[in-house]
Amino acid sequence: MHMSLALLALVLSSLALALQLKGQKPVPPLEKFMVPARMTDLDRRMERADVRMIRDSTVMRNGIGVPFIREITNDHQHMIVRVLVSEENLPKTYDERKKALFASAFESVSTIAAEFDLQFPSPAVNVVTVQFVSITDIVKGANADKTYAEYRGGELTFH
């Protein structure tokens, strides 16, 4: 009788543990990096200034600027990368434009995958979205959030 009760207790505790594990939500892929960094304000500002000077001194290649991380979504599931483009300096044919934008997006996703320990290409292509924004719209003071093209989930879409 004691053996039956012990066996029943073991089965019930195993079932309760299994239900707890099943109910746990997966950890967002960028969540582990949401910890305080040991960096002074001076260090942070110098690093940002260095990055900005490098980005500003780099010439657009085929009408495509240097990618930069715009934001991480509030749920820590996705990272948004922005790339400024000069539409008049992009390759002329649709296929050439698509190839150039795709190459820039691919480079951005692979760099972020390496830095954030994400498997490439998947799940990195599901975490990183690359938005190509026309520099002409920004200079004219138009909607800076209007996307020219977007790379999401491994697909490039023109808007």
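Bear in mind that the values in this text are calculations on the coordinates, not laboratory data. Keep in mind that this is a model prediction, so the values were computed, not measured. For neighbour counting, all protein chains shown are included, and Cβ atoms are generated from backbone atoms with ideal geometry for every residue, glycine included.
Key figures
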read-out	value
Residues of the range 69-107 that turn out to be of a type outside the set (Lys, Arg), out of contact with any helix residue (DSSP H, G or I) (no Cβ under 8 Å at 6 or more places or on another chain) and in a loop (DSSP other than H, G, I, E, B), as a count	4
SER108 being within 10 Å of the chain's Cα centre (by Cα) and closer than 16 Å to ILE69 by Cα	yes
Whichever residue in the range 69-120 is closer than 17 Å to LEU156 by Cβ and of a type in the set (Gly, Ala, Ser) and, among such residues, is surrounded by the fewest Cβ atoms within 10 Å (Cβ to Cβ)	ALA103
Looking only at the range 23-53, and only at residues there that are in contact (Cβ under 8 Å) with a residue 12 or more places away in the chain and part of a loop (DSSP other than H, G, I, E, B), the one that is farthest from ALA113 (Cα to Cα)	MET34
Of residues in the range 111-143 being under 14 Å from VAL66 (Cα atoms) and of a type in the set (Ser, Thr, Tyr), the one nearest to the chain's Cα centre (by Cα)	THR111
Selection from the range 54-68 of residues that are part of a strand (DSSP E or B) and either in contact with a Lys or Arg (Cβ under 8 Å, 6 or more places away or on another chain) or exposed (fewer than 14 other Cβ atoms within 10 Å of the Cβ) (or both)	ARG61, PHE68
Answer from VAL125, VAL130 - the residue that is part of a strand (DSSP E or B) and not small (Gly, Ala, Ser)	VAL130
